[in-house]
1. With viscosity set to 1.306 mPa s and temperature to 10 °C, compute the Stokes-Einstein D of segment 224-273, Rh being the Kirkwood radius across alpha carbon pairs; µm²/s, no decimals.
2. Regarding segment 99-369, what's the average projected area of the Cα-atom convex hull, expressed in nm²?
3. Rounded to two decimal places and with Rh computed the Kirkwood way over Cα pairs, what is Rg over Rh for segment 157-267?
4. Quick check on my link table: of Lys172/Lys211; Lys113/Lys172; Lys211/Lys344, which ones sit more than 28 Å apart, alpha carbon to alpha carbon?
Amino acid sequence: MEADGLVRRRRMSAEPPGGDGAVAGASAGAEVRWIGGRIWALSEGIMGTLSPRIGSDSELNMVQLHGSQEVTEISEPDYEGLPQGASTSTYMLAGAVAGIMEHCLMFPIDCVKTRMQSLQPDPAARYRNVMDALWRIMRTEGIWRPIRGLNITAVGAGPAHALYFACYEKLKKTLGDVIYPGANSHLANGAAGCVATLLHDAAMNPAEVVKQRMQMYNSPYQSVLECMRCVWRHEGTGAFYRSYTTQLTMNVPFQALHFITYEYLQEMLNPHRLYNPSSHMISGALAGALAAAATTPLDVCKTLLNTQETLALHSMSPGRAHISGLAHAFRTVYRLGGLPAYFKGVQARVIYQMPSTAISWSVYEFFKYVITKHQLERLRMQRDGEK
């Protein structure tokens, strides 16, 4: 195919000559593109209505070969921004798939993180490390225990990440054109990530409350619906958003640091911004680890607000109904464990976040690439049919 040939030539010109790493990277990229083509062929009927519009005469250019022969080729689009006129649904679809895969694949580690952040854990729920926790949970509570609450997480992650990535992509480009036209702006990336977080957390916070209550040791809830009914009946609708301000306080700096680090690493590892799975995974993993470690104290407070840990409530205020607000949560954490308590579960959080963000970015960038490539091939076929 002409489009395939052009993509291969563009990638080879950007890679250093020789070296096993270059060969392995090219081979991995070819395999991913082949798999993407097969996936797209199966889902073309559904995706047709969601695909971006690509098709202006400027996307066809005449390339001179050896000074005389002219052939018509379709230029490769700006991969990071997608072609102008691209539908927002492209970002939303890629983001939804990435979010669901990220949360589902890493859910057992997320369960361990919630347990290890408990301020007053039951003696049977005190773990040495992540693997010890995972093994003991499966051995004593059942093999399926670490994935309780997975269904509500998947339901929340789809729309939350669809809004998240769509908002980020649109704002990144809009703010970037204002702040630093024609170049990558770290300020625009960070600001876009912060605004995208507002939408993401608004959609995800109720699911987080139910998920974390299902994950706690000796959780009294047998199902997601039962948990939702009990929270609604005994604590009111506000309980589903009790930790929203805390989540924003945590996620705004988290996402700003995350996106700035990711885009910076992409400049270092993938300056030509081609589709490069290994660079997306490495950048995502390192960005996620740094942001996760820096914001762990806020995550501990968020977990306390979401779970309303019974032993912590009784030890602090025997007659108090619940812990409310970020300031109250901070005071409670300090009184029960001092400064080290703010970093409870930091190991599990980093171990969770590194593969989680690596999966999220690699899946998201993969779907962006597949959608763009599919549209170019369709455009070429339409042009050929008109001749």
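Just so it is clear, none of the values below were taken in a lab; they were calculated from the coordinates. Being a predicted model, the structure only gives us computed values, none of them experimental.
1. 115
2. Values: hull surface 57.0 nm².
For the Cα atoms of segment 99-369, the hull's average projected area reads 14.3 nm².
3. So for segment 157-267, dividing Rg by the Kirkwood Rh gives 1.12.
4. Lys172/Lys211; Lys113/Lys172
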